[in-house]
Each structure stands twice: as structure tokens, then as C-alpha cells.
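Here's the structure we're looking at; comments come further down.
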Amino acid sequence: MGAAAGRGRRAVFLDRDGVINRNVLNPATGLMEAPLTAEDFDVLPGVREALRRLQAAGYLLFVVSNQPNVAKGKSTLEDLRAIDAALRDALDAMQVRMAAVYYCLHHPEGIVQGYAGPCACRKPSPYFLRKATGEFGIDLAESWMVGDRATDVECGRAAGVRTALVGEAGAGARADWVGEDLAGATGYILKR
């Protein structure tokens, strides 16, 4: 599937956890991770304004997120659906529309049958960016991937989009822009 160059539909692909919402402390692992319950879902400061600015500038918005908690047995599909509903409720309250939300539920070290092992859609694979290109006619050369991990940058580069890395994982990453948060990334994207 090739890039939809020249079609003029620009997009911003957003990782979810650490970009749109806060990561939370998982007591079982002692690590900051994706929320395990809808009650733990909390939008980061500045996200509402950033997403509304991108939307007003004509960018199609997408969530592209690895969600391995089901594969790892940390949560259930019902938990993931409830968290996704919390995301969608938050977006509705912000008056922000996502063109699509794509989740990879797999993990190579997963323990739940059907979700364990390799897959085509787990970032850094550009699978979902290419899927969006086919479904929405995205011009990848005019689009961005915003994430908080090196795998997000690798995904964006593999798809041919520009990349922004937010948060504290920026050391050594080869993103087009590295900074603190989505608000900063949005300012940079809109200046280009």
C-alpha cells in the first residue's frame, strides 16, 4: 500500500498513553504504564487545546496505540473497552473528533492465547498508518506521528511521516521534533 501523495489530506497520528492521557503507577510492576481501569484514565494538561488547534488547522486526527495489557494478562478486553469509552467521552467533551482509533492488542511475550506472539500491527510497524492512508486518503508526506517512545518515531519514519517525540523518552531518538508535551509538538507542527 503506497502513500497517498498529492491527495491533500493531512493527518496527525497520536499515541494514546503518555501523549493524550497520563501514564499511571502499576503497583504490580512498580512502573508507570497505561491505565488499567477507566477510573485511572486522565487527560494530560494542554491536550484539549492542542487537539482542537490541530483539528481547526484541518488535520485528520488518529489514535494509534499499542495496548498489550490484555495479551499480558494485566487487564481484560472489558477493561480496555471501558478505557476506550473514557477516551471517547473525553474527546466528545473537548469537541474533538478522531477519524479513527487503532489499537494493537498483541505482544510478542503475551500469555493470553490469540494475543500472544508476533503480529503485523504492533508499533514500530507502520501497519495502522498505512491502513489509515488507504481508508482516508492521507498524504503521508504532509502528516505527523506524535508519541512518547522510540517505537512511535520508528513507526512514523517507516510510514514516511514526520515525527514528534514528547515526554522524557527523547534521549537518542531521531524525531523531527523532541519536546515536553503535545502542546509543544502542536505549536511546532502548525508553524511548518
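Readers should treat all values here as calculations from the given coordinates under stated rules, not as data from a laboratory. Values in this document were obtained by computation on a predicted structure and should not be read as measured data. Here the Cβ positions follow ideal geometry from the backbone for every residue, glycine too, while neighbour counts run over all protein chains shown.
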Those residues that are surrounded by fewer than 19 Cβ atoms within 10 Å (Cβ to Cβ) and among the basic types (Lys, Arg), I need them from segment 124-138; list them, please.
131
Hey, among the residues in segment 103-118 that are surrounded by fewer than 17 Cβ atoms within 10 Å (Cβ to Cβ) and not polar (S, T, N, Q), which one's nearest to residue 77 (Cα to Cα)?
114
Positions within segment 33-84 being in contact (Cβ under 8 Å) with a residue 60 or more places away in the chain, in a loop (DSSP other than H, G, I, E, B) and of a type in the set (A, V, I, L, M), in sequence order:
44, 57
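Of the residues 133, 163, 186, which is assigned to a strand (DSSP E or B) and hydroxyl-bearing (Ser, Thr, Tyr)? Write out each step before concluding.
Numbers: 133 fails: assigned to a strand (DSSP E or B); 186 fails: assigned to a strand (DSSP E or B).
When all the criteria are applied, what remains is 163.
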Of all residues in segment 161-192, which are closer than 21 Å to residue 99 by Cα and either touching a Pro at 6+ places or on another chain (Cβ under 6 Å) or buried (at least 17 other Cβ atoms within 10 Å of the Cβ) (or both)?
161, 162, 163, 164, 182, 183, 185, 186, 189
Within segment 85-119, count every residue that is in contact (Cβ under 8 Å) with a residue 40 or more places away in the chain, part of a loop (DSSP other than H, G, I, E, B) and either of a type in the set (A, V, I, L, M) or under 24 Å from residue 135 (Cα atoms) (or both).
6
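Results for (1) crowded, with 18+ Cβ neighbours inside 10 Å; (2) under 19 Å from residue 139 (Cα atoms); (3) among the aliphatic types (A, V, I, L, M), shown as yes or no for each residue.
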residue: 10; (1), (2), (3): yes, yes, no
residue: 14; (1), (2), (3): yes, yes, yes
residue: 38; (1), (2), (3): no, no, yes
residue: 43; (1), (2), (3): no, no, yes
residue: 53; (1), (2), (3): no, no, no
Considering (1) surrounded by 18 or more Cβ atoms within 10 Å (Cβ to Cβ); (2) out of contact with any Lys or Arg (no Cβ under 6 Å at 6 or more places or on another chain); (3) farther than 16 Å from residue 185 by Cβ, say which one residue 141 fails and leave the rest.
(1)
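Kindly indicate whether residue 91 is crowded, with 18+ Cβ neighbours inside 10 Å and in contact with a strand residue (DSSP E or B) (Cβ under 8 Å, 6 or more places away or on another chain).
Details: crowded, with 18+ Cβ neighbours inside 10 Å: yes; in contact with a strand residue (DSSP E or B) (Cβ under 8 Å, 6 or more places away or on another chain): no.
So residue 91 does not fit the description; no.
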Just name the residue that is nearest to residue 134 (Cα to Cα) out of those in segment 56-73 that are more than 14 Å from the chain's Cα centre (by Cα) and crowded, with 18+ Cβ neighbours inside 10 Å.
59
